Amino acid sequence: MLEKIKQTIGFIKTQTSFEPQIGIILGTGLGNLANDIQIQCAIPYADIPNFPVSTVIGHKGQLVFGTLNGVNVVAMQGRFHFYEGYTMQELSFPIRVMKYLGIKTLVLSNASGGVNPNFEVGDIMIITDHINLMGSNPLLGKNDDEVGHRFPDMSHAYDKGIINKALAIAAKHGIKCQQGVYAAVTGPCFETPSEYKYMYVIGADCVGMSTVPEVIVARHMDLPVFAVSIITDLGVIGKIVEISHEEVIQAANNAEPKMTKIISELIREL
Ligand code: HPA
């Protein structure tokens, strides 16, 4: 695995000598945060050896190097999903590359369906924990001990210190911020009403189709993680309406400025 990572790093170094401190993954409908980055270099995924190519509408598909609020970042504008047919190892490979590019923290964003009855469309939820319902794990198979542990601890998957900093920033700006548990499913179907109910009963506050594989891989390599979810629809009895991918993108776009504000201030404090 290390060989493959080094090959990809070798290519990236031919494109830029930029040294990122923070890695950011921009989720569905949340790619506009990249507009706030003073871009030094942007490399389409298709050009990067060993990277998969994104297939979903609303995903730009490039690795962006630059400064956000004065901090050196590398951002994935568009991520890879399990439902696109990639293996968990493939879709999480970019996290390994970012780690070996030198990032000290991984920041992730996503869109999700809220199952907590106190949530509203457009809410921001800071992820405090997750439930992996994807039926797979990116660490299956032989472990490369040089890269990470065989049995990573997940009791502190989402860094408490960073969460507290983000909550303070949100409070300072009067941004309402939920906290909760993200359940990850494969998709690509949205949930049935009974599935949404199940998510809530087992302890989730929202459900989405990403993030967990990347977080597992980051924790495998001891990389601290902060993740935020935009609630784009509600899987709450009495509030469930038909939804489409386009509506999810629209709802995420609407809430994006609040998320961008928190992330761009937060990274200065990491
Ligand atoms: N379910 C799963 N994934 C999602 C949802 C949802 O309701 N909304 C946005 N991503």
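Miscellaneous remarks
- Taking each residue as 0.36 nm, the span from Thr186 to Asp222 lengthens on full extension beyond its C-alpha to C-alpha distance by 10.5 nm.
- Sites Asp129 and Met1 - FRET efficiency at Förster radius 45 Å, r taken between beta-carbons, to 0.05: 0.95
- With the whole protein complex present, Ser155 retains an accessible surface near 80 Å², based on a 1.4 Å probe.
- Residue-span extension gain [Asn69 to Glu242] - 0.36 nm each, minus C-alpha spacing: 58.5 nm
- Ordered by 1.4 Å accessible area with all protein chains kept, Phe80, Phe190 run largest first as Phe190, Phe80.
- Per-residue SASA remark: Glu84, around 40 Å² accessible (1.4 Å probe; ligands, DNA and RNA not included).
- Accessible surface computed residue by residue for segment 99-240, with neighbouring protein chains in place and a 1.4 Å probe, gives 42 Å² per residue.
- Helix axis angle, 160-172 relative to the chain longest principal axis, alpha carbon, degrees: 60
- Longest to shortest principal axis, alpha-carbon extents of the chain, angstrom: 54, 41, 34
- Note, ³J(HN,Hα) from phi for segment 127-139, Karplus 6.51, -1.76, 1.60, rounded to Hz, x at Gly and Pro: 7, 9, 6, 9, 10, 8, 10, 7, x, 8, 8, x, 9
- The angle between the Cα long axis of helix 245-266 and the longest principal axis of the Cα atoms of the chain comes to about 60 degrees, rounded to the nearest 10.
- Spatial separation of Cα centroids for segment 179-200 and segment 148-163, in angstrom: 23
- In this structure, the pairs whose alpha-carbon distance is over 29 Å, taken from Lys104/Lys258; Lys6/Lys165; Lys142/Lys261; Lys176/Lys197; Lys13/Lys104; Lys160/Lys261, are Lys6/Lys165; Lys142/Lys261.
- Sorting 125-137, 7-19 by average packing, meaning the other beta carbons within 10 Å per residue, from highest down gives 125-137, 7-19.
- Val201 versus Val147: modelled label distance in nm, points set 7 Å from Cα along the beta carbon direction: 3.8
- Heavy atoms of Arg79: accessible area, 1.4 Å probe, square angstrom to 10: 0
- Nearest 10 degrees, 0 to 90: helix 2-15 Cα axis against the chain principal axis: 80
The values are calculated or read from the model by the stated rules, or taken from the named source; none is laboratory data. For clarity, every value in this text was computed on a predicted model and none was experimentally measured. All Cβ positions, glycine included, derive from the backbone under ideal geometry; neighbour counts span all protein chains shown. Please note that ligands, DNA and RNA were not included when accessible areas were found on the heavy atoms of the full protein model with its side chains. Shrake-Rupley method; radii C 1.70, N 1.55, O 1.52, S 1.80 Å.
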